[in-house]
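The structure under discussion appears below in the form of structure tokens.
The values are calculated or read from the model by the stated rules, or taken from the named source; none is laboratory data. Computed from a prediction, not measured in an experiment: that's the story for all the values here. Cβ sites come from the backbone with ideal geometry, for glycine too, and all protein chains shown count toward neighbours.
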Amino acid sequence: MHSVPYDERAIARLLESATRTDGHPPFSGHKLEVIGDDRSRSGVWALGSITCVVGVASFHEASGRWAVEIAVAPECRGPEMEERSIRAATDLLPGSAVHTIWAFRSDQIEAAGRLGYREIRAVLRMAGPIPKTTNGPPSRIAIGTVESADVGAMVAVNNRAFSGHPEQGAMTEADFETLAGQPWFDPAGVLVAREGERLAGFCITKQEGDQAGEIFVIAVDPVDQNSGIGRILIGAGFDVLRRRDVTTVSVWVDEANQPAVQFYASLGLAEDFRTRELAPS
């Protein structure tokens, strides 16, 4: 296996093939956003003329560690190749940088285990038919769409709500602008909860296909948690998606956050996918 120049078309073919085989993209949305630019360290490797491995590493300010994801072409997979791909991708890191690997395929997880990595976290995707709308907001809360002047307050609420979260807890206004530049982003699908002039929470929806949607982010200011605002916001998000003829919806949640897991289960959503974060022993 040898390193080859970055080739967007070859990478796209590998990712498409892996997605068809696995039923899920090999990279998270974040890695797809940063691959090949100055926010990440990316590598491509081949066997002969076949592009067989793509690795992406990016640094997360909130956790102070690098996160690595690796895509292996289906026709190149095998125990030895899985281990070689992990070694190659982690060689992208600066020095002895603190890092973790994200993986969902069993053979990749087993290879990481042989190299001394152990699971420290699991993130679940919970999905199902779009739930019915919840009750309306308390009289003191108004639900509306986002305005440009809301960005600073949204970032502040996000960082308070996700304080300590390894990826989500250090958002900047520049990060939000990058998010807003994604092809799927629609300001009409971003809802905010206001108490007078104060922003108490927000919900970002994402339409993934003709009839599939996602609650991409939902955040409530800690001073307002357990007030019902989160349930109202997510209900409003469901309404937005339903008006776009969405019939199924998904949301990502840490397995360790059992109150959130149980809340989404109470809405009729169930785990249909999980990815694991693995750290060196």
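Could you tell me whether Ala127 is of a type in the set (A, V, I, L, M) and more than 17 Å from the chain's Cα centre (by Cα)?
No: the conditions fail for Ala127.
Return the residues of the stretch 46-68 that are without any contact (Cβ under 8 Å) to a residue 60 or more places away in the chain, farther than 17 Å from Ala103 by Cβ and either within 22 Å of the chain's Cα centre (by Cα) or not assigned by TED's automatic domain parsing to the domain that holds Arg20 (or both); say none if nothing qualifies. So that I can check it myself, show each step before the final result.
Going through the stretch 46-68, the residues without any contact (Cβ under 8 Å) to a residue 60 or more places away in the chain turn out to be 46-59, 64, 66, 68.
Checking which are farther than 17 Å from Ala103 by Cβ leaves us with 46-51, 59, 64.
Hits for the stretch 46-68 are Phe59, Gly64.
If I go through the stretch 42-75 residue by residue, how many of them are of a type in the set (D, E, K, R), surrounded by fewer than 18 Cβ atoms within 10 Å (Cβ to Cβ) and outside any loop (DSSP other than H, G, I, E, B)?
Our first condition is that a residue be of a type in the set (D, E, K, R); within the stretch 42-75, this holds for 61, 65, 69, 75.
From what's left, surrounded by fewer than 18 Cβ atoms within 10 Å (Cβ to Cβ): 61, 65, 75.
Applying the additional criterion that residues be outside any loop (DSSP other than H, G, I, E, B) yields 65, 75.
Matching residues across the stretch 42-75 total 2.
Residue by residue, here is whether (1) under 24 Å from Asp22 (Cβ atoms); (2) in the same structural domain as Asn257 (by TED's automatic domain parsing); (3) of a type in the set (Gly, Ala, Ser); (4) at pLDDT 95 or above holds:
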| residue | (1), (2), (3), (4) |
| --- | --- |
| Thr133 | no, yes, no, no |
| Pro137 | no, yes, no, no |
| Phe162 | no, yes, no, no |
| Gly169 | no, yes, yes, no |
| Pro183 | yes, yes, no, no |
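Given the structure, is Ala71 within 18 Å of Leu15 (Cβ to Cβ), in contact with a strand residue (DSSP E or B) (Cβ under 6 Å, 6 or more places away or on another chain) and in the same structural domain as Cys52 (by TED's automatic domain parsing)?
yes
Among the residues of the stretch 20-29, is there at least one that is surrounded by fewer than 16 Cβ atoms within 10 Å (Cβ to Cβ) and farther than 23 Å from Val251 by Cβ?
There is at least one residue in the stretch 20-29 that is surrounded by fewer than 16 Cβ atoms within 10 Å (Cβ to Cβ) and farther than 23 Å from Val251 by Cβ.
Filter the stretch 1-16 for residues that are surrounded by fewer than 16 Cβ atoms within 10 Å (Cβ to Cβ) and part of a helix (DSSP H, G or I) and give the result.
Correct list: Glu8, Arg9, Ala12, Arg13, Glu16.
Just to verify a result, which residue in the stretch 190-234, among those that are part of a helix (DSSP H, G or I) and touching an Asp or Glu at 6+ places or on another chain (Cβ under 9 Å), is modelled with the lowest pLDDT? Can you show your working first?
To start, the set of residues in the stretch 190-234 that are part of a helix (DSSP H, G or I) comprises 222-224, 229-234.
Those still in the list that are touching an Asp or Glu at 6+ places or on another chain (Cβ under 9 Å) too: 224, 229-230.
Numbers: Asp224: 80, Ile229: 86, Gly230: 86.
Step by step, filter the stretch 190-234, then rank; the result is Asp224.
Considering each of Arg242, Arg198, Arg194 in turn, give the residue that is farther than 17 Å from Asp150 by Cβ and among the basic types (Lys, Arg).
Unique residue meeting the criteria: Arg242.
Within the stretch 152-183, track down each residue that is surrounded by fewer than 13 Cβ atoms within 10 Å (Cβ to Cβ), part of a loop (DSSP other than H, G, I, E, B) and not polar (S, T, N, Q).
Hits for the stretch 152-183 are Gly164, Gly181, Pro183.
Name the residue that is nearest to Arg140 (Cα to Cα), counting only residues in the stretch 213-233 that are of a type in the set (Gly, Ala, Ser) and within 16 Å of the chain's Cα centre (by Cα).
Out of the qualifying residues, it is Ala219.
Mind counting the residues in the stretch 233-260 that are more than 24 Å from Leu199 (Cα to Cα), of a type in the set (A, V, I, L, M) and surrounded by 18 or more Cβ atoms within 10 Å (Cβ to Cβ)?
2
Against the condition surrounded by 15 or more Cβ atoms within 10 Å (Cβ to Cβ) and part of a helix (DSSP H, G or I), how does Ala149 come out, does it pass?
no
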